[in-house]
Amino acid sequence: REKYGMEFTSPRMDEKENTDFIEEHKRLIFPLLKKRYCYSGVKDFEFFDVINDYSGTQENVYAYANGYGSDRVFVIYNNSYSRAEGRMKKGAKKNNLINGNRVISQSDFASALKLESGKNKFMKYRTLSDSLYHIYPVSKIKREGYYIKLNGFETRVMENITTVTDTNGSYAKYFEVY
């Protein structure tokens, strides 16, 4: 009978821990598991196509928004060696059951992330890979969609997504520079 690694009661080889691999998991995978309630539900799940001005839908890019309550997350992955870029504005059409009737709906990017509209509103989010906060104007998202560039096999996980108001113009200036 064939045996697999988890069936042995003690190690069969002298394997050393790969500390870099473990640290990478602590940085990138464990935070996802701690907030798995945001990634696993179906009620607020929205799938998005990334549309490029030149070649249309980026078939190798997978992008989705999800969440629980007011907590929102966004995951995007480029499943190709090639660089990918484009905009996400409208979600994929989906079948909803409302009061016993099937209704096809389509969410936009801002609604899927529960972003507030209004003057001087910005989406603020943290990327898991570098733990940095970023901003993006909600008005631009509503008008043009959210623009993204990904290198080959790059993944971007956005969390702590909120709407903030730029009361003194500093977010707008920062966004223009970067």
Q. Put Ile29, Ile98, Ile76 in order of accessible area, largest first, 1.4 Å probe: what do you get?
A. Ile98, Ile29, Ile76
Q: For the stretch 107-121, just list the computed ³J(HN,Hα) in residue order, Karplus coefficients 6.51, -1.76 and 1.60, θ = phi - 60°, integers in Hz, with x standing in for Gly and Pro.
A: 9, 9, 4, 5, 5, 4, 9, 6, 7, 7, 8, x, 5, 6, 8
(Q) For Cα pairs less than 8 Å apart in space and 6+ apart in sequence, what is the mean separation divided by the residue count of the stretch 13-80, i.e. the relative contact order in percent? (A) 25 percent
Q.
Given the -39500 (n - 2.57) contribution per DSSP H run of 4+ residues, what per-residue ellipticity at 222 nm results for the chain, rounded to the nearest 500 deg cm²/dmol?
A. -5000 deg cm²/dmol
Q | For the stretch 16-43 versus the stretch 54-72, the gap between their alpha-carbon centres in whole angstrom | A | 19 Å
Q | DSSP-assigned coil residues among trypsin sites (Lys or Arg not before Pro) in the stretch 109-158, each with at most 10 further Cβ atoms within 10 Å | A | Lys119
Q. Comparing Ala63, Ala92, Ala110, which has the greatest mean-square fluctuation in the GNM of the chain with Cα pairs linked when under 10 Å apart?
A. Ala92
Q. How much accessible area per residue does the chain have, in Å², with a 1.4 Å probe?
A. 68 Å²
Q.
Report the per residue volume, in Å³, of the convex hull enclosing the C-alpha atoms of the chain.
A. 210 Å³
Q: State whether the stretch 16-70 is rounded, prolate or oblate according to the following rule on the C-alpha gyration tensor (a ≥ b ≥ c being the square roots of its eigenvalues): a/c under 1.5 gives rounded; otherwise a/b larger than b/c gives prolate, and the remaining case gives oblate.
A: oblate
Q. How many nm separate the modelled label positions at Asn18 and Ala92, each set 7 Å beyond the Cα in the direction of the Cβ?
A. 3.1 nm
**Q.** GluC sites (Glu not before Pro) lying in DSSP loop within the stretch 58-128, provided at most 16 other Cβ fall within 10 Å
**A.** Glu59, Glu116
Q: Any chance you could look up the accessible area of Tyr4 with a 1.4 Å probe, heavy atoms only, rounded to 10 Å²?
A: 130 Å²
Q) Once both axes come from the Cα atoms, what is the angle between helix 19-28 and the longest principal axis of the chain, in degrees from 0 to 90, rounded to 10? A) 30 degrees
Q) Percent of accessible area on the stretch 117-178 owned by carbon and sulfur, 1.4 Å probe? A) 50 percent
Q. If you keep only loop residues by DSSP, which trypsin sites (Lys or Arg not before Pro) in the stretch 1-51 have at most 14 other Cβ atoms within 10 Å of their Cβ?
A. Arg1, Lys3, Arg12, Lys16, Lys43
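The values are calculated or read from the model by the stated rules, or taken from the named source; none is laboratory data. On a predicted model such as this, the values are computed, not experimentally measured, just so you know. Virtual Cβ from ideal backbone geometry, glycine too; neighbours counted across all protein chains shown. Just the protein is used for accessible areas: all its heavy atoms, side chains included, with ligands, DNA and RNA removed. Shrake-Rupley method; radii C 1.70, N 1.55, O 1.52, S 1.80 Å.
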